[in-house]
Amino acid sequence: VTDAATTGRGTGVNGDTKTLNTYFSNGTYYLYDTTKPMSGGVIQTATAQNRSTLPGVYSTDADNAWTASNQRADVDAHYYAGVVYDYYYNTHNRNSYDNRGASITSTVHYQTNYNNAFWNGSQMVYGDGDGTTFAPLSGALDVVAHEITHAVTERTAGLQYQNQSGALNESMSDVFGYFLDPNDWLLGEDVYTPKVSGDGLRSLSNPESYGQPSTMSNYVNTTSDNGGVHINSGIPNKAAYYTISSIGKAQAEKIYYRALTTYLTPTSNFSNAKSALLQAASDLYGSNSSTYNAVKSAWDRVGVN
Ligand SMILES: CCC(=O)Oc1c(C)cccc1C(=O)O
Ligand SMILES: [Ca+2]
Ligand SMILES: [Zn+2]
């Protein structure tokens, strides 16, 4: 038997070449990464073959050159899952979403023309998009980070996915999406409207440009979208923008990670989030620090007491 961890080459959704951690077994290569310190866990990628059965079948290749057009979504889901794993391990000393080295499973080519991505409680799932609203959704690092952060949130704060706690759940995923992709304040720009440049799914710096409020006074009371979780997330997102702009990414990501994993709870609302972030800032930098004051100022500016 000649099973072995191998290194492949792949083409991503946007035509970029990247190196892949793959696995060779019985004459076939798999998107199966055994290189991480996951004590048995792996990063593995599968395809639903445009149907709805999950997880589908492992993505395979004959020569470890993953360059076919129908492999691009697979390549990026696999590669970006590894990037996000490394981020949580290296920056926050967290070993996968459960902090116990759980395998990270992604399935691409879910259904047809599916303009969505989600964490289903066990794995990540990505549609191919319809080519107008979205390109294949695994093609954006901030989208993959958003989805994996849903899993982290689920295993830590457990923020219930409705109303203010749900908007915080969404915001945490967007904020860690920014931490993984700090080149811009947009979310999903690498896969959103492939025929239009410069736009994104949401903006942390200017939520209004995508129909989101950025102040508590403009909170949207609605029953749709689980109480507007993708709408009202603009308010904590704007607070995060102010915070990061003031204290920088290095301190902000420590504060956000500590608040998410230590202080937030399933029913936390925006005011509780302000307190959680202030407590984390106090723990890490002191309650008289400029860092603490920047967090307070950010949440004051969005009208959360
Ligand atoms: C930034 C990633 C994102 O928001 O993914 C979703 C999409 C594209 C549609 C519906 C829900 C989500 C989500 O993960 O919340
Ligand atoms: Ca981005
Ligand atoms: Zn989300």
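The values are calculated or read from the model by the stated rules, or taken from the named source; none is laboratory data. Bear in mind that the values here come from a model prediction, so they are computed numbers and not experimental data. Every residue, glycine as well, gets a Cβ built from its backbone with ideal geometry; the counts of neighbours run over all protein chains shown. What goes into the accessible areas is simple: the full protein's heavy atoms, side chains included, and nothing from ligands, DNA or RNA. Shrake-Rupley method; radii C 1.70, N 1.55, O 1.52, S 1.80 Å.
Structure notes:
- 20 °C / 1.002 mPa s Stokes-Einstein diffusion coefficient of the stretch 56-121, Kirkwood radius on C-alpha pairs, µm²/s: 157
- Debye log10 I(q)/I(0) at q = 0.06, 0.08, 0.11, 0.16 Å⁻¹ for the chain, Cα point scatterers: -0.20, -0.35, -0.65, -1.27
- Spacing of the two label points (7 Å from each Cα toward its C-beta) at Asn14 and Val1, in nm: 4.1
- In terms of the mean number of neighbouring beta-carbon atoms within 10 Å, the peptides 4-10, 195-201 order highest first as 4-10, 195-201.
- Selected from His150, Gly131, Ser103, residue furthest toward positive end of dipole (the stretch 86-155; charges at beta carbon): Ser103
- Each Lys or Arg adds one and each Asp or Glu takes one away; over the other residues whose Cβ falls under 12 Å from the Cβ of Glu189, this sums to -4.
- Solvent-accessible area of the chain (1.4 angstrom probe, protein heavy atoms only): carbon and sulfur portion equals 43 percent.
- Summed residue charge, Cβ within 13 Å of Gln251's Cβ, Lys/Arg positive, Asp/Glu negative: +1
- Computed Kirkwood radius, in angstrom, where 1/r is averaged over Cα pairs of the stretch 159-305: 15.1
- Within the chain, helix-based [θ] at 222 nm, where runs of 4 or more DSSP H residues each add -39,500 (n - 2.57), nearest 500: -11500 deg cm²/dmol
- Rounded to the nearest 20 debye, dipole of the chain from Cβ charges on Lys, Arg, Asp, Glu: 720
- Among Thr91, Thr11, Thr60, residue whose mean-square fluctuation peaks in a GNM of the chain (springs only between Cα atoms under 10 Å): Thr91
- Alpha-carbon centroids, the stretch 235-305 and the stretch 146-197: separation in whole Å: 16
- Cβ-defined net charge surrounding Thr133, 15 Å radius [Lys, Arg +1; Asp, Glu -1]: -3
- Cα centre as origin, Lys/Arg/Asp/Glu Cβ charges: the stretch 1-139 dipole, Debye: 220
- Accessible surface computed residue by residue for the chain, with neighbouring protein chains in place and a 1.4 Å probe, gives 40 Å² per residue.
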